[in-house]
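Asker: Sharing a structure, written as structure tokens. Questions coming.
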Amino acid sequence: MHRHFPMSVDEPRPIGQFRWMDNEAALVALAALAHPTRLNTFQILVRHEPDGMTTGQLVDATGLSQSTFSTHLAVLAKAGLVQSEKRGRNLVQRVDMDALRALMVFLVKDCCQGRAELCEPLLADLACC
């Protein structure tokens with residue numbers, strides 16, 4: 001049976017072919033980003049995609065101690081926004097771009113209610129990426 005919109009705000013929404021975002025996942029991601037250090041870290045990592053940065057580079061960039069920074073990084077990772085990959089002896093931190101896309105689409109998916117001209121300014125701002 002084909003679903004008709006609008007869907008309940010509590011129902012998961014398909015994002016692309018493989019990701020689902022629901023209110024709970026969105027709230028966890030937004031809560032993780034609601035701290036200045038984590039938001040700054042996330043923005044730094046977005047700017048360094050696709051290469052990422054080592055944890056040490058991020059600690060230096062934020063000026064925090066290793067233990068304090070690790071706590072913030074764990075919150076971002078638990079929210080699914082950041083992932084670690086081992087490269088030699090280093091742990092490289094990267095933004096999960098699929099999670100970022102899913103969150104962005106979740107936030108604006110139904111903003112226009114079929115009126116694309118309302119979203120054009122938003123799309124124009126994102127087109128420079």
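The values are calculated or read from the model by the stated rules, or taken from the named source; none is laboratory data. All values reported here derive from a predicted model rather than from experimental measurement. So basically every Cβ, Gly included, is an ideal-geometry build from the backbone, and we count neighbours across all protein chains shown. These area figures cover heavy atoms from the full protein model, side chains too; ligands, DNA and RNA do not enter into them. Shrake-Rupley method; radii C 1.70, N 1.55, O 1.52, S 1.80 Å.
Asker: Here is a list: LEU64, LEU45. Which entry is more than 15 Å from MET97 (Cβ to Cβ) and either at pLDDT 95 or above or of a type in the set (A, V, I, L, M, F, W, C) (or both)?
Answerer: LEU64
Asker: Moving to a separate point now. Within region 73-89, is even one residue hydroxyl-bearing (Ser, Thr, Tyr) and surrounded by fewer than 12 Cβ atoms within 10 Å (Cβ to Cβ)?
Answerer: So far as region 73-89 goes, no, none of its residues is hydroxyl-bearing (Ser, Thr, Tyr) and surrounded by fewer than 12 Cβ atoms within 10 Å (Cβ to Cβ).
Asker: Right, here's the next one. Scan region 105-125 for residues that are under 24 Å from ALA29 (Cα atoms) and open to solvent by 80 Å² or more (accessible area, probe 1.4 Å) and jot them down.
Answerer: LEU107, LYS109, LEU123, ASP125
Asker: Related question: With the condition kept exactly as written, say whether any residue in region 35-44 is under 10 Å from VAL95 (Cβ atoms) and open to solvent by 60 Å² or more (accessible area, probe 1.4 Å).
Answerer: yes
Asker: Any residue at all in region 55-75 that's of a type outside the set (Phe, Trp, Tyr) and within 19 Å of LEU126 (Cα to Cα)?
Answerer: Restricting attention to region 55-75, the residues satisfying the condition of being of a type outside the set (Phe, Trp, Tyr) are 55-68, 70-75.
Cutting the leftovers down to within 19 Å of LEU126 (Cα to Cα) gives us none.
No, region 55-75 contains no residue that is of a type outside the set (Phe, Trp, Tyr) and within 19 Å of LEU126 (Cα to Cα).
Asker: Only one of these conditions is not met by THR41: (1) hydroxyl-bearing (Ser, Thr, Tyr); (2) within 12 Å of the chain's Cα centre (by Cα); (3) assigned to a strand (DSSP E or B). Which number is it?
Answerer: Checking THR41 against (1) hydroxyl-bearing (Ser, Thr, Tyr); (2) within 12 Å of the chain's Cα centre (by Cα); (3) assigned to a strand (DSSP E or B), the one that fails is (3).
Asker: Further question on the same structure: Do you know which residues across region 62-111 are in contact with an Asp or Glu (Cβ under 9 Å, 6 or more places away or on another chain) and either more than 20 Å from GLY52 (Cα to Cα) or aromatic (Phe, Trp, Tyr) (or both)?
Answerer: Result: PHE106, single match.
Asker: Which is at pLDDT 95 or above and open to solvent by 90 Å² or more (accessible area, probe 1.4 Å), of ASP51, ASP10?
Answerer: That would be ASP51, the only listed residue that is at pLDDT 95 or above and open to solvent by 90 Å² or more (accessible area, probe 1.4 Å).
Asker: Now, a different point. Could you list all residues from region 29-41 that are under 20 Å from VAL105 (Cα atoms) and out of contact with any helix residue (DSSP H, G or I) (no Cβ under 6 Å at 6 or more places or on another chain)?
Answerer: Going through region 29-41, the residues under 20 Å from VAL105 (Cα atoms) turn out to be 29-34, 39.
Correct list: LEU30, ALA31, ALA34.
Asker: Cβ contacts < 6 Å: first residue assigned to a strand (DSSP E or B), restricted to region 84-107; second residue exposed (fewer than 15 other Cβ atoms within 10 Å of the Cβ) and among the charged types (D, E, K, R), any location; separation 6+ or different chain. Result?
Answerer: VAL92/GLU85; VAL95/GLU49
Asker: In region 53-83, what residues are touching a helix residue (DSSP H, G or I) at 6+ places or on another chain (Cβ under 7 Å), over 16 Å from ALA32 (Cα atoms) and among the small types (Gly, Ala, Ser)?
Answerer: Correct list: ALA61 only.
Asker: Write out, first by first residue and then by second, each pair whose Cβ atoms fall under 7 Å of each other, whose residues are 6+ apart or on separate chains, and whose first residue, in region 22-33, is in contact (Cβ under 8 Å) with a residue 24 or more places away in the chain while the second is aromatic (Phe, Trp, Tyr).
Answerer: ALA26/PHE106; LEU33/PHE42
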